[in-house]
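Each remark here refers to the structure printed beneath this line.
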Amino acid sequence: MQPQFLLLISAFCAHLFVLWVHSGKMLSAEHYQFFPLGILGVVILWNQRSAEIKRKSTTPSDVVTIIALSLSIVFSVIATLLSSGFLGWLSTLYFLIVFAYASFGSSGLKAAVPVWLLLAALTPIPAGREQRVVVAMQYLASNLASLGLDVLGVLHLRQGVVLVSATQQFLAEEACSGIRSLFSVMVGILFWGLIHRYSWWRHLINLVQALFWVLILNAGRILLVILVEDWTNFSIASGWKHDFLGFIIFFVIGGMVLSTDALIRAFLPLKSVEEDPDLVAITSVDTVAAPTAPDTKWEFPDWLPSQKRVGFAFTIALGVVGLLSLRMFTLTNVLPTIASNLVSLDQTALPANLDGWEVTGFQEVTRSREDLQGNRSFVWKLKRGDDEISVSSDGDFTDYHDLRICYGALGWKLQDRPMYPSMQSKASGKSLDSPECVQLYMEKLTGEKGMVFFCSLDRNGATVFPQNYVTNEPMLYATEKIGNQLREVFGLVAKTGIRETTFVPPVSTLQLIHVPKEVSKMVDEKELQKVFLEFRKALRQSPRFSGKIAE
């Protein structure tokens, strides 16, 4: 076996844990579930370019190789100790680039740029930004659908991502926003262009036209749902009919993107043999003469003795990191996934009287998976005199769910007041008096006002902190997390956990919402906060937050 293969296997073992975490997150998010097909596309593209990459290979610098591989080991260790699938994916990409340089030199690395571009396109949006991108797409789609309703003369009102007609109101859900088709279509058209060796400006045109069709056709999907619902007694707003419409729209988008590409190609045909993959196999534009007979077996270029010594040294080093990766499997309870359902709740999960508020009703609400409020909610109605509030447990989510984004998308103007301790104080292990929740003051253009308290709990009832809890103090977070993981790796007692070390998915969002019928009758915020904390305390004692999973 060539030493390059041994180095690859060793690196795969070193990244095994973080790739496991990364794949779990990708497959649990519906807009990234095309990820395996993207990897298949990378394999196909590599197979197409491998002979060219090998032909253009040069001798790499041993010094550059040693420095680059050393950094790769550092990156993989940091990603593993942080249990970060995102950083693990970036570390994997970095290693593959370094490996290509070590195997094929600078010229071979340059020839492999299309492969790196496709791999980079498979990189997900960081968790703290993903929900914002989804909501932004919902805003765009609902705005375009609203314009379409204006053109057709349909009376309606848009509040955030909600379109209200004379008879119904429609929420532009994640599926309708185009976020699912956006990523898969973008990666697909990039793969198509790389296979056909398009120039950079052709790639740019294709990405822009793909975005255009995704937005227009998904806005058309929302428009069609509203018109069918308003003009007939037939509904395609939910269930299998809504899903089937989504599949149709997705294939129409794919067809329109490829048709537009074919139209561009008709007016601007490929100019050289090198750009046409059908002819590359027959004619080579390279100055080096093509071999008289094709190789029966593809192999890496032979390494010089010094390169072999470097390769074997780093194979052993990455193998040691692989042991750390295997050890991390024993320290991790579960992947961040919502595949496992939590135990259900009923009215008895709360006492009949909660801090002076009487429980007057209970309802379990089931929604689609992509709904802003989660696919399943348990809602209690509470009353004290003429005052009414609602408390609920919403889920299931893979991570902290920011209701500020959700209520903003539903047309509310918000003022928020996060009430979490600083990372410094939490890391110090001091006793904390913070309520660990967020307070929202809300107002609509119609004059309605309200107040919300919310937080997120994992399946064990532990508080899940916001993603920006990490970005506010990243160095402290990284050092504390790495220190904790190293202690656990060697069987020592860890300090107070931070962020990911403190929660086990699925995650539920607990909230209290108060929207009085008259603004003058708003309940005092301190009273509402006290009720919310009592509500959270009661639910933490329920089976849903005991760590159990429903069978």
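Suppose a student asked you for the relative contact order of segment 204-253, using Cα pairs under 8 Å spaced at least 6 residues apart; what percent would you report?
Normalised by residue count, the contact order of segment 204-253 is 38 percent.
Between residue 232 and residue 5, what length comes free when the chain is fully extended (0.36 nm per residue of separation minus the Cα-Cα distance, one decimal in nm)?
Gain on extension, residue 232 to residue 5, equals 75.4 nm.
Ranked highest first by average number of other Cβ atoms within 10 Å, how do 348-354, 401-407 line up?
Peptide ranking by packing, descending: 401-407, 348-354.
Which pairs break 32 Å Cα to Cα here: 413/537; 413/481; 381/413; 25/56?
413/481; 25/56
Using θ = phi - 60° and the Karplus curve 6.51 cos²θ - 1.76 cosθ + 1.60, what whole-Hz ³J(HN,Hα) does each residue of segment 90-100 get, with Gly and Pro shown as x?
Whole-Hz 3J(HN,Hα) from phi for segment 90-100: 5, 5, 5, 4, 4, 4, 4, 5, 5, 4, 4.
Every number here is computed from the coordinates shown, using simple stated rules; none is lab data. Since we're looking at a predicted model, the values are computed, not measured. Ideal geometry is used to build each Cβ from the backbone, glycine not excepted, and the neighbour counts take in all protein chains shown.
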